[in-house]
1. So how many residues does the range 209-234 have that are over 15 Å from Leu168 (Cα atoms), among the acidic types (Asp, Glu) and open to solvent by less than 80 Å² (accessible area, probe 1.4 Å)?
2. Quick one: in the range 176-188, which of the residues that are of a type in the set (D, E, K, R) and more than 17 Å from the chain's Cα centre (by Cα) is surrounded by the fewest Cβ atoms within 10 Å (Cβ to Cβ)?
3. So, in the range 105-151, exactly how many residues are touching a His at 6+ places or on another chain (Cβ under 7 Å) and either outside any helix (DSSP H, G or I) or among the acidic types (Asp, Glu) (or both)?
4. Restricting attention to the range 91-104, report how many residues are assigned to a strand (DSSP E or B) and either surrounded by fewer than 17 Cβ atoms within 10 Å (Cβ to Cβ) or not hydroxyl-bearing (Ser, Thr, Tyr) (or both).
5. Report, by residue number, each residue of the range 52-86 that is in contact with an Asp or Glu (Cβ under 8 Å, 6 or more places away or on another chain) and either among the β-branched types (Val, Ile, Thr) or without any contact (Cβ under 8 Å) to a residue 24 or more places away in the chain (or both).
6. Is it the case, given these coordinates, that Ile197 is touching a Ser or Thr at 6+ places or on another chain (Cβ under 6 Å) and either among the β-branched types (Val, Ile, Thr) or at pLDDT 90 or above (or both)?
7. Inspect all residues belonging to the range 189-208 and state whether any of them is in contact with a strand residue (DSSP E or B) (Cβ under 6 Å, 6 or more places away or on another chain), over 16 Å from Lys81 (Cβ atoms), outside any strand (DSSP E or B) and open to solvent by less than 70 Å² (accessible area, probe 1.4 Å).
8. Scan the range 145-157 residue by residue and report those that are under 22 Å from Glu85 (Cβ atoms) and without any contact (Cβ under 8 Å) to a residue 40 or more places away in the chain.
Amino acid sequence: MKVVKENYETLIQIGLPTFILNHEKKWIFFLQEGWDVETGWNYSSEMTEIQQIQLYRFIKANTIESCLSNEIELKYNLKNKQQIEIKVVKHHSNNISFDFFINQQQLSKKLGINRFDMAYSDFDLDVFEVDTTKFPNYDRKKINTNAVSGFLGISKPINQFGTDRIVLYRCHCGSDYCGVISFALHKEDNSIIWKDISYEDDTENNEEIIIKELRFDSKEYQLEFEQYLSKYCS
């Protein structure tokens, strides 16, 4: 029960009831069967799809042996899908820098780049104040919101080369012509897929693909971006 006590509030937020979390035998039975004998409480009817996926992520992250996680994995076809999170990596005053975390690993580090190297320090989800005297028409929240729209596949991505590839990291100057790290977004059934994450510039001699594919559950993916918008762009 140690993992439950250490993550009690997280499990409550995920949607698990206290009568399971406070009872070791009920917790163990729940991990195997997905329901509670005494009350009949069942995860599939009492938890939303997102909560079920979050529970699966929790079980996997804590390496808990569980028949329930296998059931959820099959139910939502999660075997080859990654978890995506948008996390703050630097916060100074009103300037907030973000990065993607894939299965809890920072994406920029996975790609072998420094998030704060000048060549890749511009990130469309970063939030910062702008001198409105010098730049009266600069609307950072609009840029952030448009970027999210691109990541969700709602609108054409912001790419100065005119391709349909979504830019992850670009030069601090904001020009894509310095070279960017980008990918092609695809939608497939209940999945969002990032394909061919690689270097892109205005020549045809782009470097080899760094990551061939990242696949995400579409509902989990959309919720992460919606939470970002609600917290930082509302």
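1. Result for the range 209-234: 3.
2. That would be Glu188.
3. Number of matching residues: 2.
4. Narrowing the range 91-104 to residues assigned to a strand (DSSP E or B): 91-92, 95-102.
Next, only the ones that are either surrounded by fewer than 17 Cβ atoms within 10 Å (Cβ to Cβ) or not hydroxyl-bearing (Ser, Thr, Tyr) (or both) stay: 91-92, 95-96, 98-102.
Matching residues across the range 91-104 total 9.
5. Selection gives Ile53, Tyr56, Lys79, Ile84, Ile86.
6. It is false that Ile197 is touching a Ser or Thr at 6+ places or on another chain (Cβ under 6 Å) and either among the β-branched types (Val, Ile, Thr) or at pLDDT 90 or above (or both).
7. Yes.
8. Result: Asn146, Ala147, Ser149, Gly150, Gly153, Ile154, Pro157.
The values are calculated or read from the model by the stated rules, or taken from the named source; none is laboratory data. Keep in mind that this is a model prediction, so the values were computed, not measured. Counting neighbours? That spans all protein chains shown, and the Cβs are built from the backbone with ideal geometry, glycine included. Heads up: the accessible areas ignore ligands, DNA and RNA and are worked out on the full protein's heavy atoms, side chains in. Shrake-Rupley method; radii C 1.70, N 1.55, O 1.52, S 1.80 Å.
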